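K.L.:
One structure follows; several queries about it will come next.
Any read-out appearing in this document is the output of simple, stated calculations on the displayed coordinates, not a laboratory observation. Just so it is clear, the model here is predicted, and its values are computed rather than measured. Neighbour counts run over all protein chains shown; Cβ positions are idealised from the backbone, glycine included.
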Amino acid sequence: MMRTVLKKPLITEKAVSKDKAYVFEVDKKANKAQIKRAIEAVYKVKVSNITTCVQKNKTHRAGKHRVVKTFPIVKKAYITLREGEISDIKVQ
């Protein structure tokens with residue numbers, strides 16, 4: 001169950017620049033309590049704060065014939081660890 005809540009860590013320039021915050025793509029139906037339990041079980045750290053946001057689907061016109069491409073809806077979780085916690089989440 002814990003693996004189905006967390007899909008993957010998001011390693012982007014903006015996510016890495018956040019101070020002590022890690023960004024994960026999570027299941028759209030997962031709530032903050034489920035995300036916290038999953039992070040603490042998988043990475044063996046203590047979570048102090050979780051912020052979630054839903055990125056709506058976007059459409060782009062691309063190609064020679066201007067075909068419309070739609071990107072899926074993504075739910076992101078911004079995880080802040082407790083003071084003094086060190087994790088190797090970015091390495092995995």
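K.L.:
For residue 69 and residue 8 in the same chain, what is the full-extension length gain: residue separation times 0.36 nm, less their Cα-Cα distance, in nm?
P.N.:
Values: separation 61, 0.36 × 61 = 21.96 nm, distance 2.29 nm.
Result: 19.7 nm gained on full extension.
K.L.:
Using a basic spin-label model with each label point 7 Å from the Cα along Cα→Cβ, how many nm lie between residue 57 and residue 42?
P.N.:
So the label points at residue 57 and residue 42 sit 2.4 nm apart.
K.L.:
Give the lysines whose C-alpha is closer than 16 Å to that of residue 7, dropping any in the same chain fewer than 8 places away, or say none.
P.N.:
28, 29, 32, 36, 75, 76, 90
K.L.:
Kindly state, as a whole number, the per residue volume in cubic angstrom of the convex hull around the alpha carbon atoms of the chain. Numbers along the way, then the final one.
P.N.:
Working: hull volume 10.4 nm³, N = 92.
Convex hull of Cα atoms, per residue: 113 Å³.
K.L.:
Another question, then. Size of the dipole of the chain about the Cα centre, Lys and Arg at +1 and Asp and Glu at -1 on the beta carbon, nothing else charged, in debye to 20? Present the calculation step by step, with values, prior to reporting the outcome.
P.N.:
Working: 23 positive and 8 negative charges, 130 e Å.
With only Lys, Arg, Asp and Glu charged at Cβ, the dipole is about 620 debye.
K.L.:
Can I ask one more? Where does each of 44-50, 22-28 land if you order them by average Cβ count within 10 Å, highest first?
P.N.:
22-28, 44-50
K.L.:
What spacing in nm lies between the two simple spin-label points modelled at residue 15 and residue 76, each 7 Å away from Cα in the Cβ direction?
P.N.:
0.8 nm
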